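Structure first, commentary second.
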Amino acid sequence: MNGNKETACSGSLTNLRCEYFMTPIGIDRQKPRLSWVTENTEAGFVQTAYRVIVDSGPAHINRHAGDMWDSGKVESSRQTAIPYDGVKLSSKTYYWWKAKVWDQHGNESGWSDATYFETGMYEPEDWNCRWMNCEYPNSPSAVYYERREFETSRNNPISTARAYIGATGSKANAYELRMNGVKVGEDLISPGQTHFKRGMYRTYDVTELIRSGNNAIGIMHTRKVIFHLHIRFADGTTQIIVGDQTWKRLKKGPYIALRYSGGSISEGKGETYDARLEPEGWDRHGYDDSAWGWPILDTGPLLLTAQLQPIKGIQDIKPISITSPQEKTYIADFGQNMFGTLCLIVNGEAGTKLTIRYAECLNPDGTINPGSTEAGWLAEAQPHYDEYILKGRGDESYQPTFSCHGFRYVEVSGYPNELNADRITATVIHNDILNGSEFTCSNELLNKLQHGAVWSFRSNLVSVPMDCPARERQGWLGDAHCHSEADCYNFDMAAFYDKWFDDIADSQLENGIVPLICPSEGHEYSLDMPWVAAVVFIPWDYYMAYGDKVFLAKHYEWMKRCLHVFRAHLDSGYLLQNSLIFGDWFGSATDISKTYLATAYYYKCLVLLSEISEHLYYKDDMCFYAGLAMKVKAGINAAFLKDGMYYDTNSQTANALALYLGFVPDASKAAVTDSLVQDIQSRETMTVGCLGAEGILAALAENGRNDVAYALANNTNKGCWGYWMKEYGATTALESFAHNGASNNHAFLIGGLGAWFYKYLAGISPLQPGYEEIKIKPYIPVSMNGASAQVYTVRGLVKSSWQISGTQLVLNVIIPPNATAEICIPASHLASITFENECYLLNESQVGRLKLEGGYAIYQVGSGNHDFLAELTEQRA
């Protein structure tokens, strides 16, 4: 026996993920990223090494061997986005993997349970087929039906079956796959939006849907589609069915009108479905398709990549009230503005037509007001409606397949019976991003604002970060970076941004210009630095949240090319000229210098790109961008810092962004902060638009004025977030601080507030990428009794929860394994703090583990559950 055998490491590895998914199928990266979470460890656990093995079958992996890759023992604390580095992977193949780690004492863990990932298609020839065309992809009735019957062996059991289906992108659903009368998958929108050069495919496990013997496949689609079915039998043989000219096509079925199928916004959004024209049984064996034609085969886009994250129905909502303003017309209020679809059950005579209209607001008389969804700032109306024509055979269920809407209220006219809540359901649609992160507090207004923020984010995180779900559904870059930090707090955004940044890269021109909308529809290739800043801001937010250098490295070169375009617009004073279009959108201060805003965002992009270069070990680039940033900073301050007290025209946005983006000289920070505070307090409201709203609370918080930030968050005057709640009872964020006539579901004005809740009120922020080091620094307002936030990070749960009762402040903090934290407790009104059974009196600059600095009592802790009990110097009201 080896007397020197290492002690077993506490803890176990769980939540093993490949490409940020557990047991994904259809991945198409040759070097997929592997990650895990460590649980059940002793307090203070730190990983010092890992080993990963990957095998082509479960037999070897269970003997702790890997014929594809054995990393060996790697000295590293890394546990997320570790790139596979073994033998080349094959298409349509299972791979099994497991991992183990070593702790700070050199103790070795046991192996994790084995898990797997499955590859999709690596090469175009793997598909072994062509695309099935849409002859008229923008026509008002272009929904094509394709079908194919096939037979499998009756004596050879099916082991596995995978269906691969791809399409070019659309703002609405592009296809539905069916097998033997059953819809395949949970997706309600596939593949989502893409650049014209790229299609995306989903991989489905259809093993349980395919029968021994006779089978049928059906596809409804509005875009080009490609299809491949791979069946494996128990004896090792395979059968492949692909889209080809053996299929049959129906050109015109029950979809007699499809609005907004890809043309102008003014075409409206919706579908008209005549159930009398349904080809009943078309997706089952034995249907007579002799009158059908054949599909037209075609080439596809240049790129075809996997869509791993589904866009699906996340939540069903029943109406909170149903009214009837006139006979056979009903208005359902779902109590929540959302993006989604509707399911309606109806019983009536054949030929009866239902018209379903959607709205975010009501008129004073209780009828729907579709103004915010149909017009907004656009000149043309955009009618939102679906129509269903009954076939007249008992209860019929209708849910639009190729349309979806932004709405809270639904008007159903022509309904033949009494409509009650059992007959109508709204389904919320967005990417599968929910992960359990949340914020709550004792302030009811702030809870409503957090609710509105989260629902605005959810409504707009659909394939791309949309501007609004009702009107444009465009991936505006400026809108996206205004809430990306808040998104990373509230949701699992890794796979979402992976996809969208491919869209941005696809849209970049050869000269480096990135359009202001991605994926591009062929316009908006204008220079606007605050908007295009998203190409650097969001990767940095992504990196801080997930610690993923692979993502940074993938996009680094084109990020550099994008910034290089703007260098040609620097004047001799290092100010950026001719590089702004929209400015502080929807702000009420109209006199902000375009040059100032453009140069301010250019400076921050240079700083962040220098840091990214450092993390990717590009030392020359790091020095270059840092040096250029210093020159730009000097240029901004020479031109726009007035008397060392304020910037530009002394607007809230100008001063807030100077502090937020970080170019205020240390000697002027207090004065600039005072100028910002004085303007806020004198006006008793904000004048900021989307750019200022992103930064104003963080600027105040980082410069010692969280009290003013808190007052703004609670302000219900016009110009502040609370006005939406007081005036309109909003359940999502509005496009304007002043009125509800524009979009009522716009995320870009509330991202800064959403991040402030987590980062400052609850006090959670990453100090190092991937939450390897964490800061917990809650702000504790006099008028609040408690706040709590939890963030599900790549390392596990981070939580900060504080509560005041009488003369005691209780702070509970959870730090995940393989992370450390700096805990900062506001100490100005504290007499003592008890932590781990030790009481520290707050009358010395340093006492044991406690350090007093800048009005905070600071502790350094490792992983674990940490409870702090503080005695206040006086009882709170």
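The values are calculated or read from the model by the stated rules, or taken from the named source; none is laboratory data. Keep in mind that what you see is a predicted model, and the values were worked out from it rather than measured. As a convention, Cβ positions derive from the backbone with ideal geometry for all residues, glycine included, and neighbour counts pool all protein chains shown.
Where helices (runs of 4 or more DSSP H) sit wholly within region 490-584, those with at least 1 residues that are of a type in the set (G, A, S) and out of contact with any Ser or Thr (no Cβ under 9 Å at 6 or more places or on another chain) occupy 494-507, 549-567.
Filtered by the rule that a residue be more than 15 Å from the chain's Cα centre (by Cα), aromatic (F, W, Y) and buried (at least 21 other Cβ atoms within 10 Å of the Cβ), region 541-564 gives no residues.
Only one of the numbered conditions (1) out of contact with any Asp or Glu (no Cβ under 7 Å at 6 or more places or on another chain); (2) buried (at least 16 other Cβ atoms within 10 Å of the Cβ); (3) among the polar types (S, T, N, Q) is not met by T716, and that is (2). In this entry, S153 is excluded by the filter for residues that are modelled with pLDDT of 95 or more, among the small types (G, A, S), within 15 Å of I240 (Cα to Cα) and surrounded by fewer than 24 Cβ atoms within 10 Å (Cβ to Cβ). The condition of being more than 23 Å from I27 (Cα to Cα) and crowded, with 23+ Cβ neighbours inside 10 Å holds for only one of A172, A167, that being A172. Cβ-Cβ contacts under 7 Å between residues 6 or more apart (or on different chains), taken from a first residue in region 155-171 that is within 11 Å of Y204 (Cβ to Cβ) to a second residue that is of a type in the set (F, W, Y) and surrounded by fewer than 23 Cβ atoms within 10 Å (Cβ to Cβ), are listed as R162/Y204; A163/Y204. Residues that are at pLDDT 95 or above, outside any strand (DSSP E or B), surrounded by fewer than 20 Cβ atoms within 10 Å (Cβ to Cβ) and in contact with a Leu (Cβ under 7 Å, 6 or more places away or on another chain): does region 27-47 have at least one? Yes, that holds for at least one residue.
Would you confirm whether any residue within region 306-323 is crowded, with 18+ Cβ neighbours inside 10 Å and of a type in the set (S, T, Y)? Checked region 306-323: no residue is crowded, with 18+ Cβ neighbours inside 10 Å and of a type in the set (S, T, Y). Do we find a residue being surrounded by fewer than 17 Cβ atoms within 10 Å (Cβ to Cβ) and assigned to a loop (DSSP other than H, G, I, E, B) anywhere in region 219-234? Checked region 219-234: at least one residue is surrounded by fewer than 17 Cβ atoms within 10 Å (Cβ to Cβ) and assigned to a loop (DSSP other than H, G, I, E, B).
Take the residues of region 385-405 that are modelled with pLDDT under 95 and surrounded by 23 or more Cβ atoms within 10 Å (Cβ to Cβ): which is nearest to G313 (Cα to Cα)? Step by step, filter region 385-405, then rank; the result is C404.
Scanning region 407-437 for residues that are farther than 24 Å from I368 by Cα and not in a loop (DSSP other than H, G, I, E, B) gives H430, N431, L434. Only one of G335, G340, G351 is out of contact with any Cys (no Cβ under 9 Å at 6 or more places or on another chain), part of a strand (DSSP E or B) and either touching a residue at least 12 places away in the same chain (Cβ under 8 Å) or closer than 27 Å to L390 by Cβ (or both). Can you tell me which? None of the other options fit; the residue is G335.
Filter region 808-841 for residues that are farther than 25 Å from E42 by Cβ and surrounded by 14 or more Cβ atoms within 10 Å (Cβ to Cβ); which is modelled with the lowest pLDDT?
H829
What do you reckon, is V550 modelled with pLDDT of 95 or more, under 14 Å from D621 (Cβ atoms) and of a type in the set (V, I, T)? Answer is no for this residue. Among the residues of region 577-588, which ones are of a type in the set (S, T, N, Q) and surrounded by fewer than 22 Cβ atoms within 10 Å (Cβ to Cβ)? If the condition is that a residue be of a type in the set (S, T, N, Q) and surrounded by fewer than 22 Cβ atoms within 10 Å (Cβ to Cβ), then Q577, N578, S588 are the ones that fit.
Residue under question is Y574, and the condition is that it be hydroxyl-bearing (S, T, Y), buried (at least 24 other Cβ atoms within 10 Å of the Cβ) and either closer than 18 Å to Y602 by Cβ or in contact (Cβ under 8 Å) with a residue 40 or more places away in the chain (or both); does it hold? In short, no. Among the numbered conditions (1) of a type outside the set (F, W, Y); (2) under 24 Å from the mean Cα position of the chain (by Cα); (3) outside the structural domain of V464 (by TED's automatic domain parsing); (4) surrounded by 20 or more Cβ atoms within 10 Å (Cβ to Cβ), the only one that G754 does not meet is (3). Count of region 454-484 residues, restricted to those that are among the basic types (K, R) and within 12 Å of the chain's Cα centre (by Cα), is 1. Of the residues that make up region 348-366, is at least one within 15 Å of N417 (Cβ to Cβ), buried (at least 18 other Cβ atoms within 10 Å of the Cβ) and of a type in the set (F, W, Y)? Within region 348-366, not a single residue is within 15 Å of N417 (Cβ to Cβ), buried (at least 18 other Cβ atoms within 10 Å of the Cβ) and of a type in the set (F, W, Y). Taking the conditions (1) surrounded by 14 or more Cβ atoms within 10 Å (Cβ to Cβ); (2) modelled with pLDDT of 85 or more; (3) among the acidic types (D, E) in turn, E267 satisfies each one other than (2).
Of the strands (runs of 3 or more DSSP E) lying entirely inside region 81-188, those carrying at least 2 residues that are polar (S, T, N, Q) are 115-119, 158-168. Scanning region 79-96 for residues that are closer than 17 Å to L229 by Cα and touching a helix residue (DSSP H, G or I) at 6+ places or on another chain (Cβ under 8 Å) yields S91, K92.
State which residue is surrounded by the most Cβ atoms within 10 Å (Cβ to Cβ) when the search covers only region 324-347 and only residues that are within 30 Å of I165 (Cβ to Cβ) and of a type in the set (A, V, I, L, M).
M338
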